[in-house]
Each structure stands twice: as C-alpha cells, then as structure tokens.
Amino acid sequence: MLLIDQQQTYAISGKVTDENNHPIPEATVMLKELQKGVATDASGQFQIASLPSGTYTLIISYVGRQSVQQKITLHHANYITSIVLYRKNETLNEITIAGSQNKFSTKRTDYVARLPLKNLENPQVYSVIGKDLMNEQLATDVLSAIQNAPGINSVTESVGSGGVGLNVNLRGFSADIALRNGMATNYVTLTDPINLERLEVIKGPSATLFGSTLTSYGGLINRVTKQPFDTFQGNIGYSFGSNNLSRLTADINTPLNTSKTLLFRVTAAKHNEDSFQDYGYQRNYAITPNLVYHASDKLTLQVETELYHTERPSNFFGISGGVTAKDFNGLRYQFDHSYGSDDLQSAADVFNVFARATYKISEQWTSQTNFSSGNTDNNANYLFLTFLDNSNVRRMPMQITSKFTSQQIQQNFIGNFQTGTLRHKLLIGLDYYHLQTNDRRTRFVLDTVSNSSPDVDINIDAYHTRLGQTAPFTKYQRNTSTYSAYASDVVNLTEALNIMASLRVDYFDNKAEDYTQTAFSPKLGATYEVLKDQLSVFGNYMDGFRNIAPDVSDPANPIDYEPEHATQWEGGIKTDLFQKHVNFTLSYYDITVRNIVRTVPNNDNIGGFNSVQDGTKQSKGLEAELIANPLRGWNIVAGYGYNDSKYTKASEDVQGNRPYSTPKNSINFWTSYKLQTGVLHGLGLGFGGNSVSDAFLDDANTFTIPAYTILHTTIFYEQPSYRVGVKINNLTDEHYWTASYWATPQKTRNVVLNFTYKF
C-alpha cells in the first residue's frame, strides 16, 4: 500500500549505466504506483521531482537489457541511486543494484565462486579494487593499485625464473598475480593497468576451484579486463611528473556493425619513467584488443589478446653474516643510489591470448568454454647486492634468459535450477593446464662497492665480455601438465541459508622430473542472511595443496612424498547496509600447512641429516574492510589486516620463528570528496595511504624490515568530457623497503599530473 504525506515533496534522482559503468541514455525510469516516468539523458542521469513521501517501486528498462525493479522509501530526504542494466544475453543470473554514489563498492563478480553469487551469499572473503578507485588515485602501475586491499603487504617486484613479476604477502604467504579473467597467465610477468576493469583479491587457499599451480595458501589475485559494449565511446589520457614520467593511454570502444552484435574495444599505453635513484629506467608499452561477437541470443564468442613489453632495472638487496645492523635503518645506505647502471636492464615480451564461448543451453544451464595461452620471453639481468658489512656491498650480476609458455583449456557447465523446494547453483568443470619453461642462468661476482663512494657505474661491454667467459651454472627446464575435474553446488536450504560444497581432483604430471601425483581438494561453506540483502554471517573450510617432487638424492632409494596441504577455517560477517551505502566485512581465519618436508639430524654420529615430511606452519589472523558512502560525493575505502604466522614444526634453525616478509599489522585507507553541485561541481579531493608494521627479512629472524607509513593526496576536476588531476605520492618522503626474501627500496616522494579527454 502506498503511504502518502502531502505536506512535503521529494525527488528521486540517479544514474543508469551498463556493466562497464558507461551511461545508458534514453532508458525508461518509471514509478509503478504513480505511473509517472522519465527518460535518462545523454549522461544516463534522471530525476523525478515533486513526489510525496511513501514507498514506491522504481522500474528501469532499456531495449536489449534486463529490467530492474527497486523498492524506494521517501521519508525526510531525497533519494539518489545508481543502477546497472545488464545485456539480456549475458550469462549473469542475478541483477545488482549499486547503492547511490558508493562507486568503490563493486563486490559483484562471477569469478570468485565461478558462479553468479552475491557477496552476502558467498562464504569466501574477497576484495575488489575497481577502475574508479584506480583512476581517482592516478595509479600508473599494478603495484600501487593492489595496496588498496586489506591484508595485502610486502608488495614488491620480485625475482622468478628469469622474469620479473609482482609479489605480495597475503595472509602470511607469498602470492603472485597469475590469473586473468579466472584463467592462467604466466606468474612472473608484469602487466599494465590500462586494460583493468578491476583487481580481485580472493582470500584463503583456493585450489578447489583454481588449482594449486596458480594459487598460494593465502589466496590469489585475478585481473579482470575491460570488455566491449554496444556504444561508441572512449578516452585518451596523458600523465607526466617526477622522475621524467611520461605516460600516454587510450581506451576506445565501438560496435563494428549496425546490429551491434560485433563489438570491439582496444586499450593501449606507452609508459616512460626514470628511477628515483641515480640509475635505472622503465620503458613499457601495452596494447590489448578485445573482440566480442553475439552470434545469437544463445551464443557469445570472445577473443582477447594482450601484448606487453617492459624494460626495467632488477636490483635486489640482501645481507650476509658480516652485517651487525639489525635493520635497514642501521645500514649506512644512501637511498638515492642504486649501485646499478642504466645499461643493466631486464626485458620481457608478453603475448597472451584469451578466448571464450558462452552458450545458453536452456533457461537452467549455460556452457562456458575457456582457452588461455601465455607466452613470455625474458632476458633478465638481475643485480644481487649483498651487504657484506654495514658499509660495503658485493655486486653479483646474474643473467637469465628464459621462455614461459602456458596453455589452459577449461569447460564449465553452470546450472541454476530447483529440486523440490531447494534452489541449486551448480558448477561442473574440467580443466587442462600445461606449463613449459626453460632458462639458462649465468652469474659471477663483479666487485665490491662502498657506501662512501656508491656512484660506481657498470661497464656494459665488460659485463658482456665477462658473461661470455663464464659458463652457466644451470640450465633448467619445466614441463608439467595438470588434469582436473571439479564440482561446486550452492544450495538454498531456506531463503536465508546457503550451503556450499565443492571438490576438486588434480592429476599432476611432471615430465621433466618424472613423477606424478594425485590430490583431492575440498571446500565447504555456509552463509546465513540475518537481514535480507543487508547482513549475513558466514563460515568456510578451504583447502590448498602443492605437489612435492620425490627425493632422488639416493637413486637406489628414492623417497616419494605426499602433496603438501593447507587447510583454512574462517568465519565472520558481511554487510551491505543503508541502501548499500555501507559495505563491511569482518573475518577471522586460521590456516594450517601440513606435510612440509623438513630436515632433521639422523643421529649417525657423522653430522648427517634426513628429510621427513611432518613439518607444519600456522597462520591465523583478522581482517576488516569498510567501503562507505556517508554523504553524497564522499567515499571511504579502509582495511585492516592482522596476521600471526609461525613455524610450529620445522628445522631447528627456524622452529617457532616467524616466516620472512610477514608483518603482523597492515592498514590501507583512502577517502575522497567530490562536489556534486554549484559552480565547482566536479572538483574533488582525495587522501590516504598505507601503514605496515615491521617484518623479518629472513626465517632466522635476525634482520628486520622496518615499519613504515606512506601518505598520498590528490586534487582533481572531473566533467563529462574531460578530467584533470594531480597526485602527490609518498607525501612525507618516507624512505622504506619492501621484500620478498630479497629487498628493494621503494619510491620517494613523487608527483603525477594527468589530463584525460573523454568522448
């Protein structure tokens, strides 16, 4: 029944967009009870004014897209909303209505569970970093963007088999970015954020749905790319600033036929930047064409490619037994010196292909066939810098030329059906993943330099001569295939109670080292919506595993090992309150890794050791995330992570110690406000940063990576056709380090200016 208070009138206003956050003009917005409606304007905006207080049904529709109905109560205030309309032939089975202006709350994803589950009915914890937040922060690399997720820390460019990838610490474990749109990419490969729709940080051991090769026990990071849509639109941007930054970007989308069934989108970036230190530079470019063909109401085909090239320094710091300092602050290191050279660079060429065929078999079943191919050619010239004491540093170059090739074929059947009174969302999948690499590694000690005279260049001709005279210390090949089957069923036992049960079986074949292993990985979870679409409590049990090669040090008596396993118990709450203005997640987790191979004395009186598979490691902690829109135009993203990790059964030298690069506390925070009305409408300010407690550089816990707090601020002016922004990173000029076993100094204070033209 419509309740009306005639003494006061109100207005309903908002914006209608597609799934790519692009405005939909001429959409119909109707109030069912009053049969009163309007059409959206060219920017997707609408307003219905002079409305009495009461409860209404707002209906939004547009040709070719699924309609949305939303209940609205007008009482003491106007109502503002943001609505997403999805294509009718998309495979999404749920409609998400975003809360008014809470533009950073983009929790909808089909990748976390490989099923279309709402955040409140998904028993797994995940964070989503959307392009709106990345654009507002003027993020020019993935490294800075990923630090907006709670619990993420120790973010650094890291070493890996001749490539330079991005490594993070997640719930006490090292993790790479190895997934794109839920499929495999080469894990020691950097990329550009120009084609990112969002980054998904999926927490906990997730081998059940994603396999062991692509995940860590702490979780995984999935890159979701920008997709084509059916209107002509785009933007061109240019950024410049400190360290001779010069960055040109483009994002262009267009339909290729009049029926708008063939859609094309291309993103591109050219990035030049010098180091904040005396030597080193980056020269990167990326281009990512993406083609979608809606062949019929049932069949959609997609092909996406990714080409990326990078040249950058790869300098990594370590310590030796001669160092008496207890942390980096105690070393006599001059932060503006790299000890490297402009000529000593690492280069990588990346060519990735992704293809998908989605076929709607019936109203209840959808088939999804995925293919991914990753190819990376690396020419790495690492420079390992070891402090021999508090002042002197040994320089040891290492060249690794390598090739990474991966292919993945995946077939999913996704069902949404009912048996009796029970609603099922069912996933059945088959997966084949092949990884082949080869590399050639050569290293030598170049010299020792002193902090008193650190500006010592490297003669690149002498370096290559020395390389030619040095035999490689190893040539390594990897050739593995993984055959998998998995199933996951989410059952609505009641309208409020959901139960998830999942299982995976993996057959791992390592041809290079001649062994095979079979592993089973279960996953269980439950959610209960205490308040429908507002508050749920959840719990999960998850499993991860790692294949362990046999010990063949004694060929006559090889030792076979079981796969290493990690199990997680987790519970907490999720909210989506105040008409989606407040999104909050709080969780407690406990991860135990077992079947770790460790060494023990064999008591043979000659100092020998044996390997036994009974080691354990525990990681437990608390995570909280808040995404809020307290007032129109004011947005907040904040997170806190507490992690307590230790070796509970290990070799004597690390027993009871904390694993390296695992700080206990990490905080991320960002808030911004944009004027919504008046002469300065579109002017905004942003402020935030990260704070991370200290950690150890080594498992022996003898050397500390100091705690740090970095702050950033931005001012911007945004209009429908352009955007201008300025950002200061590391406002207080903090000198800080991050590490993944080897440490790297991070950027000092720098300024980025950006202009983007939108059409």
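The values are calculated or read from the model by the stated rules, or taken from the named source; none is laboratory data. Not measured: the values here are computed from a predicted model. Every residue, glycine as well, gets a Cβ built from its backbone with ideal geometry; the counts of neighbours run over all protein chains shown.
At a glance:
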{"item": "From the options ILE400, ILE414, ILE409, residue that is under 21 Å from ALA471 (Cα atoms), among the β-branched types (Val, Ile, Thr) and in the same structural domain as LYS523 (by TED's automatic domain parsing)", "result": "ILE400"}
{"item": "Number of positions in region 364-422 that are within 30 Å of TYR333 (Cβ to Cβ) and not in a strand (DSSP E or B)", "result": "4"}
{"item": "Residues satisfying the stated conditions in region 37-51, i.e. outside any strand (DSSP E or B) and either modelled with pLDDT of 85 or more or within 19 Å of ASN78 (Cα to Cα) (or both)", "result": "THR40, GLY44"}
{"item": "Identity of the residue in region 173-199, in contact with a Phe, Trp or Tyr (Cβ under 8 Å, 6 or more places away or on another chain) and assigned to a loop (DSSP other than H, G, I, E, B), that ends up surrounded by the fewest Cβ atoms within 10 Å (Cβ to Cβ)", "result": "ASN181"}
{"item": "Filter result for VAL393 (among the aliphatic types (A, V, I, L, M), assigned by TED's automatic domain parsing to the domain that holds THR288 and farther than 22 Å from ASP455 by Cα)", "result": "no"}
{"item": "Residue in region 423-430 that is without any contact (Cβ under 8 Å) to a residue 40 or more places away in the chain, assigned by TED's automatic domain parsing to the domain that holds SER391 and not hydroxyl-bearing (Ser, Thr, Tyr) present", "result": "no"}
{"item": "Wholly within region 219-333, strands (runs of 3 or more DSSP E) carrying at least 2 residues that are touching a Lys or Arg at 6+ places or on another chain (Cβ under 7 Å)", "result": "219-225, 233-241, 245-255, 262-274, 281-294, 299-312"}
{"item": "Test: LEU493 is touching a residue at least 40 places away in the same chain (Cβ under 8 Å) and either within 30 Å of LEU435 (Cβ to Cβ) or out of contact with any helix residue (DSSP H, G or I) (no Cβ under 6 Å at 6 or more places or on another chain) (or both)", "result": "yes"}
{"item": "Candidates TYR708, TYR717 - the one that is aromatic (Phe, Trp, Tyr) and over 23 Å from the mean Cα position of the chain (by Cα)", "result": "TYR717"}
{"item": "Test: residue in region 583-590 that is crowded, with 21+ Cβ neighbours inside 10 Å and of a type in the set (Asp, Glu)", "result": "no"}
{"item": "Of residues in region 538-572 being under 32 Å from the mean Cα position of the chain (by Cα) and surrounded by fewer than 15 Cβ atoms within 10 Å (Cβ to Cβ), the one farthest from GLN70 (Cα to Cα)", "result": "ALA549"}
{"item": "Candidates ASN169, ASN135 - the one that is out of contact with any helix residue (DSSP H, G or I) (no Cβ under 8 Å at 6 or more places or on another chain), closer than 23 Å to ARG658 by Cβ and not in a loop (DSSP other than H, G, I, E, B)", "result": "ASN169"}
{"item": "Tally of residues being over 20 Å from THR109 (Cα atoms) and touching a residue at least 60 places away in the same chain (Cβ under 8 Å) across region 169-190", "result": "9"}
{"item": "Counted residues, region 291-320 - those being of a type outside the set (Val, Ile, Thr), out of contact with any Ser or Thr (no Cβ under 6 Å at 6 or more places or on another chain) and farther than 25 Å from ASN378 by Cβ", "result": "9"}
{"item": "Pick from region 334-360, criterion aromatic (Phe, Trp, Tyr) and assigned to a strand (DSSP E or B), ranking: surrounded by the most Cβ atoms within 10 Å (Cβ to Cβ)", "result": "PHE354"}
{"item": "Residues within region 701-733 that are touching a Leu at 6+ places or on another chain (Cβ under 8 Å), surrounded by fewer than 17 Cβ atoms within 10 Å (Cβ to Cβ) and not in a strand (DSSP E or B), tallied", "result": "2"}
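So that you can scan it fast, the table gives a plain yes or no per residue for (1) crowded, with 19+ Cβ neighbours inside 10 Å; (2) outside the structural domain of ILE319 (by TED's automatic domain parsing); (3) outside any loop (DSSP other than H, G, I, E, B):
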position	(1), (2), (3)
ARG594	no, no, yes
GLY615	yes, no, yes
GLN618	no, no, yes
TYR642	no, no, yes
SER651	no, no, no
GLN655	no, no, no
ARG658	yes, no, no
TYR673	no, no, yes
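Condition check ((1) of a type outside the set (S, T, N, Q); (2) modelled with pLDDT under 95; (3) touching a strand residue (DSSP E or B) at 6+ places or on another chain (Cβ under 6 Å)) across all residues:
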| position | (1), (2), (3) |
| --- | --- |
| LYS403 | yes, yes, yes |
| GLN408 | no, no, yes |
| ASN412 | no, no, yes |
| ASN416 | no, yes, yes |
| THR421 | no, yes, no |
| ILE428 | yes, no, yes |
| THR437 | no, yes, yes |
| LEU446 | yes, yes, yes |
| SER452 | no, yes, no |
